[in-house]
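Everything below concerns the one structure shown next.
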Amino acid sequence: MSYDKELVAHKLRRWENYLINYKLPAWKELPDIGLYMDQVIALLGQYLDFIPVEDQKNKPVTPTTINNYVRLKVMPAPEKRKYYRIHIAYLIMIFTLKQGTSINGIQQLLPVNAPEDEVKAFYTNYIQRLQEISLFYIEQTRAAAQDLLDRPKEAKEEAIEHFIIQSILMSGFSRILADKLLRLRDADTQQVLEQEAISDARGYHPTIAPDKKKED
């Protein structure tokens with residue numbers, strides 16, 4: 001496997017600059033005039049361009065996916081085939097959240113069948129949280145890839161592979177933790193603790209390397 005170190009550094013800087021400037025529209029900036037499906041698709045294409053063009057083998061936003069979210073009641077149904085501000089807000093949150101969790105997880109997170117004022121407050125907090133996480137992610141990524149960014153010509157080939165593996169593992173661990181926490185919603189605390197106690201008693205624990213036998 002071979003990488004152009006300068007190209008990798010360029011991609012990292014480009015991604016960093018993109019995240020710094022990426023902002024989702026505020027609630028009042030969302031159109032509330034009633035849009036048809038093709039207009040919604042075009043609008044979301046502008047709002048949700050966080051997926052690089054080169055990775056879009058299949059368009060992430062399609063009428064089929066939106067209809068499925070309505071059918072699954074992840075979001076409210078359109079009114080006479082028209083989508084308003086509240087629908088656009090739901091779609092923005094759904095498509096950004098689905099990058100890190102399942103539809104079942106999203107259903108547990110979003111305020112389903114909530115009044116518009118509650119959705120507005122939730123969405124406003126959501127876009128602020130996304131901006132904060134983006135900045136935190138930039139700091140963490142820059143620290144992990146400092147050599148690749150500052151001295152790309154001197155960076156070792158294996159450093160690039162290590163960074164890619166690190167990014168994948170961090171993403172995986174974050175998703176697993178999120179899924180574990182989502183399962184705790186409306187859970188019976190005592191029942192969960194008892195089940196974990198039984199699991200521990202049966203020997204559930206992180207894999208531990210056996211001690212090496214001492215040589216005689």
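Every condition in (1) surrounded by 10 or more Cβ atoms within 10 Å (Cβ to Cβ); (2) basic (K, R); (3) closer than 21 Å to R13 by Cα; (4) touching a residue at least 60 places away in the same chain (Cβ under 8 Å) is met by K153 except one, and the failing one is (1). Residues that are under 27 Å from L35 (Cβ atoms) and out of contact with any Lys or Arg (no Cβ under 9 Å at 6 or more places or on another chain) number at least 1 in the following helices (runs of 4 or more DSSP H) confined to the stretch 67-172: 85-97, 103-109, 116-144.
I'd like to check something: does the stretch 79-87 contain any residue that is buried (at least 16 other Cβ atoms within 10 Å of the Cβ), basic (K, R), touching a helix residue (DSSP H, G or I) at 6+ places or on another chain (Cβ under 9 Å) and modelled with pLDDT of 95 or more? Looking through the stretch 79-87, at least one residue is buried (at least 16 other Cβ atoms within 10 Å of the Cβ), basic (K, R), touching a helix residue (DSSP H, G or I) at 6+ places or on another chain (Cβ under 9 Å) and modelled with pLDDT of 95 or more. Across the stretch 12-57, the qualifying residues are those that are modelled with pLDDT of 90 or more, assigned to a loop (DSSP other than H, G, I, E, B) and of a type in the set (A, V, I, L, M), and the one among them that is farthest from E161 (Cα to Cα) is I33.
The values are calculated or read from the model by the stated rules, or taken from the named source; none is laboratory data. What you are looking at is a predicted structure, and each value in this text was computed from that prediction instead of being measured. Backbone-built Cβ (ideal geometry, glycine too); neighbour counts: all protein chains shown.
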